[in-house]
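*Asks:* Here it is: the structure, laid out below.
The values are calculated or read from the model by the stated rules, or taken from the named source; none is laboratory data. Predicted, not measured: the structure shown is a model, and the values here were computed from it. Here the Cβ is made from the backbone with ideal geometry for all residues, glycine too, and neighbour counts use every protein chain on show.
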Amino acid sequence: MQNSTLKLNRFRWAACQIDALESCLDYITLESALTSLPKTLDETYHRILQAIPSEHKRYATILLQLITYSEKPITVEEAVDAIAVRTDKPPYFSPKHRMPDPQEISRYCSSLVTTIYVKKSSQYESEDRIELQLAHFSVKEYFLSDRLDGDIARNFQERYAGAAISKICLAYLLHLDEKAPQKVL
């Protein structure tokens, strides 16, 4: 079993390296990228996280926390609403803060996240949906490990991530409560 896991991790490492080389448009850039490739999968994931633009880090962190700790798959629609939530001041959620093109949500997390198309059918209904998932089981292992650095490590501690997810859910629920008709006694 350990041998097959090692092979899968090597394959994942190679896939991430290819993703990194894909953006090289000329020989000089390619040569430079080849000499600076990370040696391990952990180093590769660390580099991917460091390369997320600062304006996307908040959204990427929320998405990665949700996907890592969720008990059920996260749909693109749920993820879009989650990153549209503001927990610092009302209005906590506004539909105008949703992404214009929800299909682009995985771009916040580079090659750490992928989308899958799911067709669920039952006797009574059929549902097609797009779900976000971590690109490989080793990504989740990395986030749950003690091998992360600094703020990244703190963001993925179960207690901290759970609190962040709870704040988002509560802020979203407060938005729904504002929309509910108020009873007059």
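*Asks:* Name the single residue, out of those in the range 158-185 being modelled with pLDDT of 75 or more and not hydrophobic (A, V, I, L, M, F, W, C), that is surrounded by the fewest Cβ atoms within 10 Å (Cβ to Cβ).
*Replies:* Kept after step one, since they are modelled with pLDDT of 75 or more, are these residues of the range 158-185: 158-176.
The next check asks that each one be not hydrophobic (A, V, I, L, M, F, W, C); those that pass are 158-160, 162, 166-167, 172, 175.
On the way: Glu158: 11, Arg159: 8, Tyr160: 13, Gly162: 12, Ser166: 11, Lys167: 14, Tyr172: 18, His175: 19.
Once the filter is applied, the top-ranked residue is Arg159.
The rows are residues; the columns are (1) touching an Asp or Glu at 6+ places or on another chain (Cβ under 7 Å); (2) in contact (Cβ under 8 Å) with a residue 40 or more places away in the chain.
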| site | (1), (2) |
| --- | --- |
| Tyr45 | no, yes |
| Thr68 | no, yes |
| Ile74 | yes, yes |
| Lys96 | no, no |
| Glu104 | no, no |
| Val118 | yes, yes |
| Leu132 | no, yes |
| Glu141 | no, no |
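*Asks:* Sticking with this structure for a sec: Output the number of the condition that Cys16 fails; it satisfies all remaining conditions of (1) in contact with a Ser or Thr (Cβ under 7 Å, 6 or more places away or on another chain); (2) at pLDDT 75 or above.
*Replies:* Only one criterion in (1) in contact with a Ser or Thr (Cβ under 7 Å, 6 or more places away or on another chain); (2) at pLDDT 75 or above is unmet by Cys16, namely (2).
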